[in-house]
Amino acid sequence: MQAQTTTISPSGYARIAGVLYLIITLASIFAHFVVPGQLIVPGNAAATAENIMASETLFRFGAIGSELIILLSEVFLSVVLYELFKPVNKTLSLLAAVSRLIMTTIHGLNLLNYFFVLQLLGGAGYLAVFEASQVNALVSLFLDAHSIGFTIGIAFLVPHVLILGYLIFKSGFFPKVLGILFVIAGIGYLIDSFALLLLPSYQTTPVFIALPIAIAEIAFPIWLLVKGVNKAQVHEERGLALEAA
């Protein structure tokens with residue numbers, strides 16, 4: 001008997017990618033904006049430490065839990081996008097996936113900084129050698145380290161975004177304007193992440209950089225969910241890929 005295999009169609013991959021993008025977006029808003037906005041008081045280490053101790057559940061589930069959801073979704077999204085764009089250019093699609101997975105790995109390791117914060121505020125016996133002000137300062141240090149680690153991860157996302165923009169543009173699966181938006185977003189990520197890491201005076205992402213990134217990251221998932229892919233172009237690309245093989 002011949003075994004039957006079930007394959008996911010390009011439209012299926014597009015819908016899955018759209019759902020994963022949506023999950024990542026919602027979890028990111030909560031983990032990176034809502035929770036820090038409620039707990040972190042800029043320039044006030046004591047108030048920040050007090051807020052986290054008073055709302056440890058929010059910190060664990062809102063910041064760490066949401067981040068874990070993001071990271072797991074990123075792994076699946078990397079594979080789904082690779083499968084979706086593999087007929088266009090297998091090598092570039094693989095490179096884009098690897099780039100996103102490297103970012104995901106860095107962000108996963110970066111979560112250790114949040115656990116260090118919890119250890120510092122957990123009242124373990126070995127912390128008795130530190131004064132309260134020193135513990136608060138260390139909490140701020142690890143929170144800052146988490147922010148830096150996040151930016152380092154985004155730097156490794158840059159190749160993914162630029163390549164994805166090229167693949168979207170060349171594929172014909174989607175409107176070419178989406179590919180152009182992703183290339184612009186990739187340049188924005190490049191400028192922003194390197195400036196944050198290398199220029200001490202650069203503290204906040206300017207609107208003219210943040211806006212194209214936001215538009216690209218919102219428009220593409222919406223198109224995936226609502227429109228899907230150009231099926232005729234998908235069949236043509238698959239046919240060319242088979243002939244090349």
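Each residue in segment 176-210 was checked for being modelled with pLDDT of 95 or more and more than 19 Å from Phe150 (Cβ to Cβ), and 10 of them qualify. Contact annotation: residue pairs with Cβ atoms under 6 Å, 6 or more positions apart or on different chains, pairing a residue in segment 5-26 that is in contact (Cβ under 8 Å) with a residue 24 or more places away in the chain and over 17 Å from Leu164 (Cβ atoms) with a partner that is among the polar types (S, T, N, Q) and part of a helix (DSSP H, G or I), are Ile23/Ser73. Does Ala46 satisfy the condition of being hydrophobic (A, V, I, L, M, F, W, C) and under 30 Å from Val88 (Cβ atoms)? No: the conditions fail for Ala46. Among the conditions (1) more than 17 Å from His146 (Cβ to Cβ); (2) of a type outside the set (S, T, N, Q); (3) surrounded by 14 or more Cβ atoms within 10 Å (Cβ to Cβ), Ile8 misses just one, which is (3). Ile64 meets the conditions (1) in contact with a Phe, Trp or Tyr (Cβ under 9 Å, 6 or more places away or on another chain); (2) surrounded by fewer than 20 Cβ atoms within 10 Å (Cβ to Cβ); (3) modelled with pLDDT under 95 in every case but one. The failed one is (3). Picking from residues in segment 143-198 that are out of contact with any helix residue (DSSP H, G or I) (no Cβ under 8 Å at 6 or more places or on another chain) and aliphatic (A, V, I, L, M), the one that is nearest to Ala214 (Cα to Cα) is Val177. Take Val75 and decide whether it is assigned to a helix (DSSP H, G or I) and under 16 Å from Leu22 (Cα atoms). For Val75, the condition - assigned to a helix (DSSP H, G or I) and under 16 Å from Leu22 (Cα atoms) - is met. Looking across segment 198-209, just one residue is assigned to a helix (DSSP H, G or I) and surrounded by 14 or more Cβ atoms within 10 Å (Cβ to Cβ), and that is Ile209. For segment 21-61, residues that are among the basic types (Lys, Arg) and buried (at least 17 other Cβ atoms within 10 Å of the Cβ) total 0. For the residues Ile168, Ile209, the requirement of being over 20 Å from Thr104 (Cα atoms) and in contact with a Leu (Cβ under 6 Å, 6 or more places away or on another chain) singles out Ile168. Summed over segment 39-61, residues that are part of a helix (DSSP H, G or I) and on the phi > 0 side of the Ramachandran plot total 0.
The values are calculated or read from the model by the stated rules, or taken from the named source; none is laboratory data. Treat the numbers as computed from the prediction; the structure is a model and nothing was measured. Backbone-built Cβ (ideal geometry, glycine too); neighbour counts: all protein chains shown.
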